[in-house]
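S.K.: What follows is a structure written as structure tokens; I'll ask about it next.
The values are calculated or read from the model by the stated rules, or taken from the named source; none is laboratory data. Small disclaimer: the values here were computed from a predicted structure and weren't measured. So basically every Cβ, Gly included, is an ideal-geometry build from the backbone, and we count neighbours across all protein chains shown. In case anyone asks, the SASA skips ligands and DNA or RNA and just uses the protein heavy atoms, side chains included. Shrake-Rupley method; radii C 1.70, N 1.55, O 1.52, S 1.80 Å.
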Amino acid sequence: MNTLFHNGLTLPLSDAHVYQRRGIILAYRNQEPLHFTILRCQEGNEVQTYFGAARVDSIQDFKTIMDYGDKFEIVNSWFNCCHQQRLQNPC
């Protein structure tokens, strides 16, 4: 199995760590579709989950997500907070 090492993160290049929704096109770059992509990276003993847009199996796009992509845990926490507030104060 190939592994990508970038900025202190380790990304095993396998289906268990790279998830691309190839049916969901977020945008185009040079007429190539950019797909919703989730990367499960290891940082020491921790697992960090990033998401962003990437071309199919593009290592360079994966590196860009690792540099600038949103951390899934932070976004998930924000959604859970909003959901809890809405449950406590319905419209």
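S.K.: Filter the stretch 6-28 for residues that are among the polar types (S, T, N, Q) and assigned to a loop (DSSP other than H, G, I, E, B); which is surrounded by the fewest Cβ atoms within 10 Å (Cβ to Cβ)?
M.R.: The extreme case among them is Asn7.
S.K.: Of all residues in the stretch 40-56, how many are out of contact with any helix residue (DSSP H, G or I) (no Cβ under 6 Å at 6 or more places or on another chain) and free of Cβ contacts under 8 Å to residues at least 24 places away in the same chain?
M.R.: 4
S.K.: Being at pLDDT below 90, within 23 Å of Asn2 (Cβ to Cβ) and open to solvent by 40 Å² or more (accessible area, probe 1.4 Å) is the filter here; which residues of the stretch 58-79 pass it?
M.R.: Answer for the stretch 58-79, where residues must be at pLDDT below 90, within 23 Å of Asn2 (Cβ to Cβ) and open to solvent by 40 Å² or more (accessible area, probe 1.4 Å): Tyr68, Phe72.
S.K.: Which of the residues that make up the stretch 29-57 are open to solvent by 20 Å² or more (accessible area, probe 1.4 Å), part of a strand (DSSP E or B) and within 13 Å of Leu13 (Cβ to Cβ)?
M.R.: Those that are open to solvent by 20 Å² or more (accessible area, probe 1.4 Å), part of a strand (DSSP E or B) and within 13 Å of Leu13 (Cβ to Cβ): Arg40, Gln42.
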